[in-house]
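Notes follow once the structure below has been shown.
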Amino acid sequence: MTSLCKKYYQLMLAQGVLGGIASGMLFAPVMTCVSHYFHNRRAAALGVTVSGSSIGGVIFPIALSKMLRNESLGFGWSVRIVGFIILFMVLIAMITVRERLPPRYGKVLLPAAFTRAPYTLVTLGIFFMMWGLFTPFFYLPQYAQSHGMDSQLSTYLLSILNAASVFGRVLPGMVADKIGRFNILIITGVCTGILLLCWIAITSSAAIVVFAVLYGFFSGGIVSLMSPCIAQVTPSPDQIGTHLGMSMAIIGLAGLTGTPICCALLEKYGTYTRAAIF
């Protein structure tokens, strides 16, 4: 539908509303189904699962950029080709992803879960991590160009960041199963925050590339460890899907508002300092 859009509101409906609903409906069930099969090595399994989105983050920006430069394809067919690739991959997932446990009957939501301090604190903690996590994903290429980086190299920064995120999503998960999932989540969260505070002092092209690699790795650890940490404070396996869904709905508000807040700070003050500090 995005490939057919001609006006701004159509893009908001197709790519924003419809794309967001579809992504959420894909993410939570898949993570829940994988959680059904693992306990001691759940963080490693979910890290491998969620690393797929980083691989897509490496391939799609490069592929779409190349296709958009091809005059014979244009915007419409470039987006349609990406859509057909995603459709093919989703069909594989539909055939292969199966839950191990029977469905939970009763209430769709379990609001009483928020009366338990561990679950509420984990959800709030991840909310604050996510509130500032995605700003470099949107603004790092623009920041690099403002400091003299070649425009072609700056377009590859997102792919570099996502390539590092593949390792950041898999390796911390493997370590987390041995020394504690919350321990590794705290470490990756602190390192990500320190990197964001260092961002405003980085000006050379080489340093920006190094920042992209490090930021991709540590932020990837946060993304991969969200689900196993939420699952760890869920009282029974058949409630993992509900608990994960409720947490992700709240955490999604952080992803929705964090980058626009940073954008407003950037537009008002004209520098990245306050956005990075936020």
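The values are calculated or read from the model by the stated rules, or taken from the named source; none is laboratory data. Predicted model, so just to flag it, every value in this text is computed and none were measured. Note that each Cβ is placed from the backbone with ideal geometry, even for glycine, and that neighbours are counted across all protein chains shown. Ligands, DNA and RNA are excluded from the accessible area calculation, which covers all protein heavy atoms including side chains. Shrake-Rupley method; radii C 1.70, N 1.55, O 1.52, S 1.80 Å.
Explain nothing, just the number: relative contact order of the chain, from Cα pairs under 8 Å at least 6 residues apart, as a whole percent.
Numbers: 323 pairs, mean separation 78.0, N = 278.
Reported as a whole number, the value is 28 percent.
Carbon-plus-sulfur accessible fraction, the stretch 1-84 (probe radius 1.4 Å, protein heavy atoms only): 71%. Short-range pairs are left out: with C-alpha atoms under 8 Å and at least six residues apart, the relative contact order of the stretch 135-234 is 41 percent. Can you tell which of ILE92, ILE194, TYR156 lies farthest toward the positive end of the dipole of the stretch 83-201, using +1 and -1 charges on the Cβ of basic and acidic side chains (Lys, Arg; Asp, Glu)? Toward the positive end, the furthest listed residue is ILE92.
Using r as the Cβ-Cβ distance of SER236 and SER146, and R0 as 51 Å, what FRET efficiency do you calculate, to the nearest 0.05?
Numbers: r = 51 Å, r/R0 = 1.00.
Efficiency for this residue pair is about 0.50.
The angle between the Cα long axis of helix 42-68 and the longest principal axis of the Cα atoms of the chain comes to about 30 degrees, rounded to the nearest 10. Averaged over its residues, the stretch 194-278 has an accessible area of 41 Å² per residue, based on protein heavy atoms and a 1.4 Å probe.
Plainly put, the stretch 164-278 has a radius of gyration that is 1.04 times its Kirkwood radius, both from alpha-carbon atoms, as the Rg/Rh ratio.
Hey, what angle do you get for helix 157-179 against the long axis of the chain, alpha-carbon based, 0 to 90 degrees rounded to 10? That works out to roughly 20 degrees. The translational diffusion coefficient of the stretch 1-51, from Stokes-Einstein at 37 °C and 0.692 mPa s with a Kirkwood hydrodynamic radius over alpha carbon pairs, comes to 256 µm²/s. Per residue, the accessible area of the stretch 107-184 comes to 50 Å², computed with a 1.4 Å probe over protein heavy atoms only. Only protein atoms count toward the accessible area here, which uses a 1.4 Å probe; on the stretch 99-230, the carbon and sulfur part of that area reaches 75 percent.
Taking the Cα atoms of the stretch 42-140, the ratio Rg/Rh between the radius of gyration and the Kirkwood radius comes to 1.09. Highest average first, the peptides 94-102, 34-42, 222-230, 131-139 ordered by how many other beta carbon atoms sit within 10 Å of their residues are 222-230, 131-139, 34-42, 94-102. Once the gyration tensor of the Cα atoms in the chain is diagonalised, the equivalent ellipsoid follows with semi-axes of 31, 24, 18 Å, ordered largest first.
Please build a GNM for the chain, connecting alpha carbons under 10 Å apart, and tell me which residue among ILE187, ILE59, ILE85 fluctuates the most. Looking only at ILE187, ILE59, ILE85, the biggest GNM fluctuation is shown by ILE85.
Each residue of the stretch 267-278 was assigned a 3J(HN,Hα) from its phi angle through the Karplus expression (A = 6.51, B = -1.76, C = 1.60, θ = phi - 60°), giving 5, 6, 9, x, 10, 8, 4, 5, 5, 5, 5, 4 Hz with x at Gly and Pro.
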